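Structure record follows, encoded as structure tokens.
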């Protein structure tokens, strides 16, 4: 008596490659959620947190329709508040830190200054 049924071999499925060049996707040498400057990033955060806090705080005054402003905060955050925090760290560290990989070991180190107009590797 054989309690296990036999299984036929399954054909592999062709899976399309993921395009890593889209905004928000991790691509080598390209920041995910960083802004062009720290003040601009802080402004996006103030807008996002303001929309969330304002929409919840105004419910007793203007009714539940004010909650419709909360999803707009996701646009300001480029995702969620955690995404905004990661972007803040990336914006602050941009140009100051770089990843170096040698012999299969990657480390984070201070970036070497590059002359103006010279692209970073």
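Protection proxy ranking, highest mean first, for peptides 60-71, 38-49, 98-109: 38-49, 60-71, 98-109, where packing is the per-residue count of other beta-carbon atoms within 10 Å, averaged.
Fully extending the segment from residue 82 to residue 37, taken as 0.36 nm per residue of separation minus the present Cα-Cα distance, adds 14.4 nm.
Relative to the current alpha-carbon distance between residue 70 and residue 90, full extension at 0.36 nm per residue lengthens the span by 4.7 nm. Taking a ≥ b ≥ c as the square roots of the Cα gyration tensor eigenvalues, with a/c under 1.5 meaning rounded and otherwise prolate when a/b beats b/c, else oblate, which class fits the stretch 38-110? Prolate shape, in that a/c is at least 1.5 and a/b is the bigger ratio.
Read the figures in this text as sums done on the coordinates, not as results from a lab. Fair warning: this is a prediction, and the values are worked out from it, not measured in the lab. Glycine gets a Cβ as well: all are built from the backbone with ideal geometry, and neighbour counts include every protein chain shown.
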